[in-house]
Amino acid sequence: MKKKVWISIAVVTVLVVIIGFNVYNTYASKSAEVETKTLKSENINTTVMTPGTLTLANESLLFDDQTKGELTTVHVAEGDSVSKGDKVLTYENPDLKMEKEQNDITIESLYLRINSLDKQKTRLQEKEDELADDVGKEEAEETMEAELEQVQMDIRMANLDLRQALLQRDRLKERMTELTVTSEIDGIVIEVNEKTSPTTQGEKPLVRLGSMDDLVVKGKLSEYDTLSVEDGQRVTLTSDAVPDQEWTGKVSDVGYLPEASAAESGSNAVQFPVTITIDEGQKLNLKPGFQMIVEIETDSHDAMTLPFSAVLQDGDEQYVYIVEKGKAVRKDIKTGSSTAERIEVSSGVKKDDQVVINPPDKLKDGMEVKLK
């Protein structure tokens, strides 16, 4: 008898546990425990990042120009200070020198010819005057007309030849001046190379001049990035060589034309050059040629934001759940810019709404919720 009683008690206990478990599962499937946050005002910066190279803003590269003649003298050495107008390279051109001498001779001979023709013209006019005394002025003019016209024509032709020779002399003077190459900037001699033939990487300059006091960072932008980058935008600069430091600057120039066509670069990507001017007064313990990371601030504004973990996606639509009167309510939203952890919400949620973050997968619109 006692055995049957204990069996009955055990059966009842099992039934109570099963019913309780089913009741709990039914309630749990219709409710959820959630954590909420409200909208937070935050300043959002939109940036464009690109690699760049520290380089000289004021630089002059002088290459061997064989059209000038034979290079005979390099007047500078690495480390020398130079001023604008100082001699840097000298060429010799025997053919040009001979051409100038021939031009000088031509000019001198033309002056002599013109002088001789002027004298001839004077003699003919004197002869005409003498003849006029004998036969009359009209007959004398007719008699001397052909000779005077010829000598006047010769004088005009000689003057035209002289003008042409003088123009040639001016051109030759310019070419002779170009045999001495001078510095176009104030700075120092950074590099002096021996005369070499071009390589696959391009011809090295004979002399490289620049000012170490004026450095800029040059980089490249994609087609898309050029739409948001413009002159004057603030820039943060960093370098892997000095990881604990950063510098500031601004965009000083965005190239209007791409740096190279797809055919020239061997790539379908079109890139536009960008130049960054570094703010004055900063200690820049880097050398020209160092690689830098360029972060350009293209936009900065205050926005109402939520954590990324609050925003859900349904096709092209974005939505969140908010808690109203103990229930989850779905709200479609519109988003904007973002940071590493938060995203701007431009509409769909009010300032004091309790927005569910990390919503559980089972959460549905209208489901009862309990705040953690």
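Summing charges over all other residues whose Cβ lies under 12 Å from the Cβ of T55, with Lys and Arg as +1 and Asp and Glu as -1, gives +1. Charged neighbours of S116, selected by a Cβ distance under 12 Å, balance to +2 (K, R count +1; D, E count -1).
When the helices of the chain are scored as -39500 (n - 2.57) per DSSP H run of n ≥ 4 and the total is divided over every residue, the value at 222 nm lands at -11500 deg cm²/dmol.
Can you give the angle from 0 to 90° between the axis of helix 137-178 and the longest principal axis of the chain, with both taken from C-alpha atoms, to the nearest 10? Long axis of 137-178 versus the principal axis of the chain: about 40 degrees. Contact order, relative form, for the stretch 231-349: 20 percent (alpha carbon pairs under 8 Å, 6 or more residues apart, mean separation divided by residue count). Sorting R330, R156 by accessible area puts them as R156, R330; the probe is 1.4 Å, largest comes first, and only protein heavy atoms count.
Accessible area per residue (1.4 Å probe, heavy atoms of protein chains only) ranks S183, S222 as S222, S183, with the largest value leading. Annotation: amide H-H contacts under 5 Å for Q354 (H modelled 1.01 Å from N, sequence separation of 5 or more, or interchain): V323. For the pair D161 and L284, a Förster radius of 51 Å applied to the C-beta separation gives a FRET efficiency near 0.25, rounded to the nearest 0.05.
Using the Cβ-Cβ distance between E101 and E341 with R0 set to 56 Å, the FRET efficiency from 1/(1 + (r/R0)^6) comes to roughly 0.10. Contact order, relative form, for the chain: 27 percent (alpha carbon pairs under 8 Å, 6 or more residues apart, mean separation divided by residue count). Let me check I've understood the local charge: for D299, count other residues with C-beta under 12 angstrom from its C-beta, Lys and Arg +1, Asp and Glu -1. What total comes out? The answer is -3.
With 21 Å as the limit on Cα-Cα distance, the pairs of K87/K283; K250/K287; K204/K250; K331/K351 that go past it are K87/K283; K204/K250. Note on the chain: with neighbouring protein chains present and a 1.4 Å probe, carbon and sulfur make up 49 percent of its accessible heavy-atom surface. Averaging 1/r over every pair of different alpha carbons in the stretch 74-125 and inverting the result gives a Kirkwood radius of 15.3 Å.
Averaged per residue, the chain has 66 square angstrom of accessible surface, using a 1.4 angstrom probe with ligands and nucleic acids left out.
3J(HN,Hα) couplings calculated from phi for the stretch 234-243 with the Karplus curve 6.51 cos²θ - 1.76 cosθ + 1.60 (θ = phi - 60°) are, in sequence order, 6, 9, 10, 10, 9, 9, 5, 5, 10, x Hz; Gly and Pro show x. Using R0 = 56 Å, the C-beta based FRET efficiency linking Q150 and T177 works out to 0.85. Calculate how steeply helix 2-29 sits against the longest principal axis of the alpha-carbon atoms of the chain, using the helix alpha-carbon long axis, and give the answer as 0 to 90 degrees to the nearest 10. Here the helix axis deviates by roughly 30 degrees.
The values are calculated or read from the model by the stated rules, or taken from the named source; none is laboratory data. It should be emphasised that the depicted structure is a prediction, and the values quoted were computed from it without experimental measurement. Please note: Cβ atoms are built from the backbone with ideal geometry, for glycine as well, and neighbour counts cover all protein chains shown. We work out accessible area using only protein heavy atoms, side chains counted, and drop any ligands, DNA or RNA first. Shrake-Rupley method; radii C 1.70, N 1.55, O 1.52, S 1.80 Å.
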